[in-house]
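Okay, so here's the structure we're looking at.
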Amino acid sequence: MKKLLALSLLAATLTAPAANAHDFWLLPSSTVLSGDKAWVTVDAAVSNDKFHVNYRPLQLSNLDITSPSGKPVQAQNTFTGQMRSGFDVELTEPGTYQLAIVNAGLVAFWKEDGKNKRWMGTPEKFATEVPQNAEDLRVTQRHGRIETFVTRDKPTTIKADDQGLSLRPLTHPNDLYAGEKASFVVLLDGQPAKNIDVEVVRGAQRYRNQVEEIIVKTNADGEIELTWPQAGQYWLHIEHSDDKTSVKQAKTRNLSYTATLEVLPQ
């Protein structure tokens, strides 16, 4: 049952059009902590509202936690419920931790004996599990990163991913305040990405009549600048498609990036 649920959620991540997709997110209990006994609890879910648990759990099989020194960190007390997953992280080192779920792979569609077929998996399994001479074969490569940041004591530098879409903060993501400007660089395969739309939405959307989304476009250097209208948890989302696939049968590559950022009051 758990395996079936994981596959269904992966399908939603890899195949849902942007306009109809649900929101994927990680939500930490705190983003800034201090002291030697620092812990954070994180919710992980897929929902119809940012940070409101009302649909499905986000699977944790591809969870990747990185300490300030670059070492992998093991999540503790992990669970997957009916509508959310969760885990705890002990912050044993001072500095900034990156908590991410990375989903990557291929989606293939074809016809077999007059019936539509669909397959999802890794490039390594593609050659053996998908008929290479399949009728009407269509293959898409996907890469999505969902992440958040937590700092114990003093903030430290964050390393951006060099695959797919990622974010390089010019303003530290745990040093954001209402009414102040913050700058980030959007990266595509590790390089600044120009003319990319970035969507930002404050949480607690269910308690207001308008979404109040902010849309900004990266400049020639891949940079964006945001002024936070008020305090709260913000959902930052980026999507991009191109033909830079690593599998010759795949003609399109669909990329996404989502971050949870906490903005504090002045």
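The table for this structure:
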| read-out | value |
| --- | --- |
| Within the stretch 236-266: backbone nitrogen closer than 19 Å to the Thr227 label point (7 Å, Cα to C-beta) | 263-266 |
| Residue order, fewest to most beta carbons within 10 Å, for Trp228, Trp119, Trp25 | Trp119, Trp228, Trp25 |
| Dipole magnitude (debye, nearest 20) for the chain, charges at Cβ of Lys, Arg, Asp, Glu | 640 |
| For the chain, with +1 on Lys and Arg beta carbons and -1 on Asp and Glu, the positive-most of Thr92, Asn254, Ala38 along the dipole | Asn254 |
| Gyration tensor verdict on the chain (Cα atoms; rounded if a/c is under 1.5, prolate if a/b is larger than b/c, oblate otherwise) | prolate |
| Proximal charge balance of Asp136 [Cβ under 10 Å; K/R count +1, D/E count -1] | +1 |
| Sequence-distant residues sharing a close amide H with Phe87 (under 5 Å, placed H) | Val42 |
| Choice from Arg56, Arg208, Arg253 with maximal GNM fluctuation in the chain (Cα, 10 Å cutoff) | Arg208 |
| Sorted by Cβ neighbour density within 10 Å, fewest at the top, the residues Met120, Met83 | Met83, Met120 |
| Cα-based helix-to-principal-axis angle, 2-15 vs the chain, degrees rounded to 10 | 90 |
| Neighbour-count ranking [beta-carbon atoms within 10 angstrom, fewest first] of Phe184, Phe126 | Phe126, Phe184 |
| For the stretch 87-95, 3J(HN,Hα) per residue [Karplus equation, 6.51 cos²θ - 1.76 cosθ + 1.60, θ = phi - 60°, Hz, x = Gly/Pro] | 6, 10, 9, 8, 8, 7, 10, x, x |
| Among Thr140, Thr151, Thr245, residue whose mean-square fluctuation peaks in a GNM of the chain (springs only between Cα atoms under 10 Å) | Thr245 |
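Only the coordinates and a few stated rules stand behind these numbers; no lab work does. Predicted model only: the values in this text are computed from it and were never measured. Reconstructed Cβ throughout: ideal geometry from the backbone, glycine too, with neighbour counts over all protein chains shown.
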